[in-house]
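**Q** I'd like to ask some things about the structure below.
Values in this text are rule-based calculations from the coordinates and carry no lab data. Values in this document were obtained by computation on a predicted structure and should not be read as measured data. Virtual Cβ from ideal backbone geometry, glycine too; neighbours counted across all protein chains shown.
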Amino acid sequence: MNNLIQQVALEIEYRGYADKTRETYCQHLQQIEHYLGQPLDQVTEQDLNRYFASPAVRRLSRASVLIKVNSLNFLFKYILQKTFNIDIVVPKQRSKPPIYLTRNDIQSIIQQCTDLRIKTMVILAYACGLRLSELTQVKVRNIDGQRKTILIERGKGGKSRYVVVPESALQQLRVYWRIYHPSTWLFYSLRDFTTPIGKTTFSKALRKVAKQLGMEDRVSAHKLRHAYATHQLEAGMPLHQLQHRLGHSDIRTTQCYLHWLPELGHGGVDLLADVR
């Protein structure tokens, strides 16, 4: 990592952004610099246009292209302190019909887990609606059994919040504790007890369980979070409370789940009810 990208990393850390943001921005800036073959403080707008017009970049998803643009914007705004203007085409966002896991699906996944550690992670992810990065970074000191809460430190956007842990999840954590005796990280790496379990390690284990159930295309850590949100709404949780539980800054992000569950909104009036 060169000095310029190191400055980006330090600035992101100083501003309290999430570690994932720092890693992602620096990774994309390195890719751009490697492609152009020159330091980013020397590239021109024409160079950047050429990069975004390359076949490899044009094949990327909308989200990936926007991350590259955002990383460049951060570099130019906060480090180089100058503006840039590039002419790019961002792929149109494709709308997919929502597919979420039912409660029976969740029960099947939990029952299929033979590894106590993975089973506990699945239960905690679903019971608390955690992001994958939050799940793998839970610290033992942040679990309060009496208050039935977990402090999520520096979640998405660098924001911390408390989440409520239901009694069933606490019971599972006690079972897990008696076997693994975690000290710092709740879910530590089996290769190095001083580091948390890798996100890829959990994702691969979850994918293996899903494949055994014939659900490999429907199950992921994020799908567990989606299931938590939809099931809580079905159970009557107010939208603003769900927003806090999920750690959403904007309630419009939480409102997307209402589109998944149209039966929870006003279904409209039967305009033909009195027509004979």
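**Q** In nm, give the distance between the simple-model label positions of S249 and D87, each being 7 Å from the Cα along the Cα-to-Cβ direction.
**A** 3.2
**Q** Please give the contour-minus-distance gain from S203 to L36: 0.36 nm per residue of separation, less the Cα-Cα distance, rounded to one decimal in nm. Walk me through the numbers before you get to the answer.
**A** Numbers: separation 167, 0.36 × 167 = 60.12 nm, distance 3.35 nm.
Net length gain for the segment: 56.8 nm.
**Q** With runs of 4+ DSSP H residues as the only contributors, calculate the mean residue ellipticity of the chain at 222 nm using -39,500 (n - 2.57) per run, divided by the residue total and rounded to the nearest 500. Don't skip to the end; give the middle numbers.
**A** On the way: 13 runs with 143 residues, N = 276.
Theoretical 222 nm ellipticity from helices: -15500 deg cm²/dmol.
**Q** With +1 on each Lys and Arg Cβ and -1 on each Asp and Glu Cβ, and nothing else charged, work out how big the dipole of region 3-80 is about its Cα centre, in Debye to the nearest 20. Write out the running numbers ahead of the final one.
**A** Working: 9 positive and 8 negative charges, 81 e Å.
That gives region 3-80 a dipole magnitude of about 380 debye.
**Q** Something else about it: When ranked by the protection proxy of mean other Cβ atoms within 10 Å per residue, highest first, what sequence do the peptides 217-227, 188-198 form?
**A** On the way: 217-227: 18.5, 188-198: 13.5.
Output ranking for 217-227, 188-198: 217-227, 188-198.
**Q** Next question. If I fit a long axis through the Cα atoms of helix 199-212 and take the longest principal axis of the Cα atoms of the chain, what angle between them do I get, 0 to 90°, rounded to 10?
**A** Once rounded, the angle reads 50 degrees.
**Q** Sticking with this structure for a sec: Report, by chain and number, residues whose modeled amide H sits under 5 Å from the one on L101, excluding near sequence neighbours (fewer than 5 apart, same chain).
**A** A227
**Q** By the gyration tensor of its Cα atoms, with a ≥ b ≥ c the square roots of the eigenvalues, what is the shape of the chain: rounded for a/c under 1.5, prolate for a/b over b/c, or oblate? Mind showing how you got there, number by number?
**A** Numbers: a/c = 1.99, a/b = 1.29, b/c = 1.54.
In terms of gyration-tensor shape, oblate.
**Q** Quick check: residue separation of Q27 and L258 times 0.36 nm, minus the Cα distance between them. What number comes out in nm? Could you put the intermediate results ahead of the total?
**A** Values: separation 231, 0.36 × 231 = 83.16 nm, distance 3.48 nm.
79.7 nm is the gain from fully extending Q27 to L258.
**Q** Moving to a separate point now. For the chain, take the longest principal axis of its alpha carbons; what is the angle in degrees between that and the long axis of helix 251-260, to the nearest 10 within 0 to 90?
**A** The answer is roughly 60 degrees.
**Q** What is the helix-to-structure angle for 221-234, meaning the angle in degrees between its Cα long axis and the longest Cα principal axis of the chain, kept from 0 to 90 and rounded to the nearest 10?
**A** 50
**Q** Two decimals is fine: what is log10 I(q)/I(0) at q = 0.10, 0.15, 0.20 Å⁻¹ for region 103-264, from a Debye sum with one equal scatterer on every Cα and no solvent?
**A** Taken in order of the listed q values, log10 I(q)/I(0) reads -0.35, -0.82, -1.45.
**Q** Using the Karplus curve 6.51 cos²θ - 1.76 cosθ + 1.60 with θ = phi - 60°, work out ³J(HN,Hα) for each residue of region 17-24 in order, rounded to whole Hz, and write x for Gly and Pro.
**A** 6, 5, 4, 4, 5, 4, 4, 5
**Q** How many angstrom lie between the C-alpha centres of region 120-185 and region 61-86?
**A** 35
**Q** List the residues, sorted by chain then number, that are 5 or more residues from T149 or on another chain and whose placed amide H is less than 5 Å from its amide H.
**A** D144, V165
**Q** Something else: What are the residues whose amide H is under 5 Å from the amide H of Y188, where those residues sit 5 or more places off or on another chain and H is modelled from the backbone?
**A** Answer set, sorted by chain and number: I197.
**Q** Just subtract the alpha-carbon distance of N70 and R58 from 0.36 nm times their residue separation and send over the number in nm, one decimal. It would help to have the intermediate numbers written out before the result.
**A** Working: separation 12, 0.36 × 12 = 4.32 nm, distance 1.63 nm.
That works out to 2.7 nm of additional length.
**Q** Which of the lysines could a cross-linker bridge to K82, judged by Cα under 29 Å and excluding same-chain residues fewer than eight apart?
**A** Counting by Cα, and skipping residues close in sequence, K82 has these lysines nearby: K20, K68, K92, K156, K159.
**Q** Could you give the dipole magnitude of the chain about its Cα centre, charging the beta-carbon of Lys and Arg +1 and that of Asp and Glu -1, in debye to the nearest 20? Working shown, then result.
**A** On the way: 39 positive and 23 negative charges, 104 e Å.
Approximately 500 debye in magnitude.
**Q** Report the charge-dipole magnitude of region 103-264 in Debye, nearest 20, computed about the Cα centre from +1 at each Lys and Arg Cβ and -1 at each Asp and Glu Cβ. Please list the in-between numbers first.
**A** Working: 25 positive and 12 negative charges, 92 e Å.
Roughly 440 debye, rounded to the nearest 20.
**Q** Which FRET efficiency value, to the nearest 0.05, do you get for L213 and Q146 by plugging their Cβ-Cβ distance into 1/(1 + (r/R0)^6) with R0 = 51 Å? Intermediate values should be presented prior to the final figure.
**A** Values: r = 36 Å, r/R0 = 0.71.
With a Förster radius of 51 Å, E is 0.90.
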